[in-house]
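Visitor: Okay, here's the structure, questions in a sec.
The values are calculated or read from the model by the stated rules, or taken from the named source; none is laboratory data. On a predicted model such as this, the values are computed, not experimentally measured, just so you know. Positions of Cβ are backbone-derived with ideal geometry, glycine not excepted, and every protein chain shown enters the neighbour counts.
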Amino acid sequence: MEAVAALAPASDLTGLLEGLETLPGGSVFATYMLQAYAAHYDDVSLGDYVRPGARVSFDEIARRCLAEPAVFTSILTSLGTDWSTYFADLSTGPLATRIEQNIPSAPIAADLLIGQGESDPLVLPEVQERFVQARCDAGYGLEYRTYPDRDHVGVVAADSPLLPELIDWTRDRLDGVPPTDTCPSSNGG
C-alpha cells in the first residue's frame, strides 16, 4: 500500500506566491522560488522579474541555504526592503504559467494525509483549504487535519500533536487499515 503524508505542503503554488508579498521575509521565499524556476525553465528569465538594482541582493539570498545561520542576513535584508524594490509582478508571464502548470491536479493513487497549521503565515490555511476542497470536489479522497495555534514550522515541532498522530497514521497504513476520508460525504468520502 502506498501512502503520502504532506505536512503544510506548498500544494497551491499560485496561492503561495500571492501570500509572499505580505509575509515578512516573503521575498526570501520568492527568491528561492524564482531562482528554481529560472534554473529549470528556459522561458523564465530572472531579468524579467528581478529589478536591476536588486540583482546583487537577489543572488546573495539565492545562494544561502534556508537552514544555515546566514539566512538571517537574507531575512533582515528583506525586512528592510520594500517588495517592489526587488521584484516586478511575479504573477504574470512565463513564471505564472509555469507555476500554474506545477499545481498538482491529477489523482494521487496513494493514501494521502495533509496536515496544516491554522496559524501558518507561509502556506496560508485558506489556500490549503481551497486546494483540499478542489481535490475533494474532483472526487479524490484524502484525509485533512488542521492544528490550531501551529504555524509552518510549529506543525512539525517536537511538541506538535501532529507527530503522534502521524506515527499512528503511518502504522495504520503499514497494517493495511483503510484511511479516513475527510472529504464531504457527497463525494463518496
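Visitor: Go through the stretch 94-115 and count every residue that is over 30 Å from GLU165 (Cβ atoms), surrounded by 15 or more Cβ atoms within 10 Å (Cβ to Cβ) and acidic (Asp, Glu). Working first, answer last.
Guide: Of the stretch 94-115, the ones over 30 Å from GLU165 (Cβ atoms) are 94-101.
Applying the additional criterion that residues be surrounded by 15 or more Cβ atoms within 10 Å (Cβ to Cβ) yields 94-96, 98-99.
Narrowing further to those that are acidic (Asp, Glu): none.
The total comes to 0.
Visitor: Limited to the stretch 16-64, what total is found for residues that are aromatic (Phe, Trp, Tyr) and surrounded by fewer than 17 Cβ atoms within 10 Å (Cβ to Cβ)? Let's see the steps before the verdict.
Guide: So the first thing to find is which residues in the stretch 16-64 are aromatic (Phe, Trp, Tyr), and the list is 29, 32, 37, 41, 49, 58.
Now restrict to residues that are surrounded by fewer than 17 Cβ atoms within 10 Å (Cβ to Cβ): 32, 41.
Number of matching residues: 2.
Conditions tested, residue by residue: (1) more than 30 Å from ASP137 (Cα to Cα); (2) within 21 Å of the chain's Cα centre (by Cα).
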{"site": "GLN35", "(1), (2)": "yes, yes"}
{"site": "PRO52", "(1), (2)": "yes, no"}
{"site": "LEU76", "(1), (2)": "yes, no"}
{"site": "SER84", "(1), (2)": "yes, no"}
{"site": "GLN101", "(1), (2)": "no, yes"}
{"site": "PRO104", "(1), (2)": "no, yes"}
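Visitor: Separate question: Across the stretch 134-156, what is the number of residues that are surrounded by fewer than 14 Cβ atoms within 10 Å (Cβ to Cβ) and over 21 Å from LEU23 (Cα atoms)? Talk me through it step by step, then tell me what you get.
Guide: Going residue by residue through the stretch 134-156, those that are surrounded by fewer than 14 Cβ atoms within 10 Å (Cβ to Cβ) are 137-139, 148-149, 153.
Now drop any that are not over 21 Å from LEU23 (Cα atoms), which leaves 137-139.
Here the count works out to 3.
Visitor: How many of the residues making up the stretch 20-63 are under 23 Å from PRO121 (Cα atoms) and of a type outside the set (Gly, Ala, Ser)?
Guide: Within the stretch 20-63, the subset under 23 Å from PRO121 (Cα atoms) is 20-37, 58, 61-62.
This time we only want the ones that are of a type outside the set (Gly, Ala, Ser), so: 20-24, 28-29, 31-35, 37, 58, 61.
Of the residues in that region, 15 qualify.
Visitor: Can you report the number of residues in the stretch 1-49 which are hydroxyl-bearing (Ser, Thr, Tyr), touching a residue at least 24 places away in the same chain (Cβ under 8 Å) and assigned to a loop (DSSP other than H, G, I, E, B)?
Guide: Step one: of the stretch 1-49, the residues hydroxyl-bearing (Ser, Thr, Tyr) are 11, 14, 22, 27, 31-32, 37, 41, 45, 49.
Applying the additional criterion that residues be touching a residue at least 24 places away in the same chain (Cβ under 8 Å) yields 11, 14, 27, 31-32, 37, 41, 45, 49.
Still in the list and also assigned to a loop (DSSP other than H, G, I, E, B): 11, 41, 45.
Residues flagged as hydroxyl-bearing (Ser, Thr, Tyr), touching a residue at least 24 places away in the same chain (Cβ under 8 Å) and assigned to a loop (DSSP other than H, G, I, E, B) within the stretch 1-49 amount to 3.
Visitor: Just need a number here: residues in the stretch 49-93 that are in contact with a helix residue (DSSP H, G or I) (Cβ under 7 Å, 6 or more places away or on another chain), of a type in the set (D, E, K, R) and at pLDDT 85 or above.
Guide: Residues that pass the stated criteria total 1.
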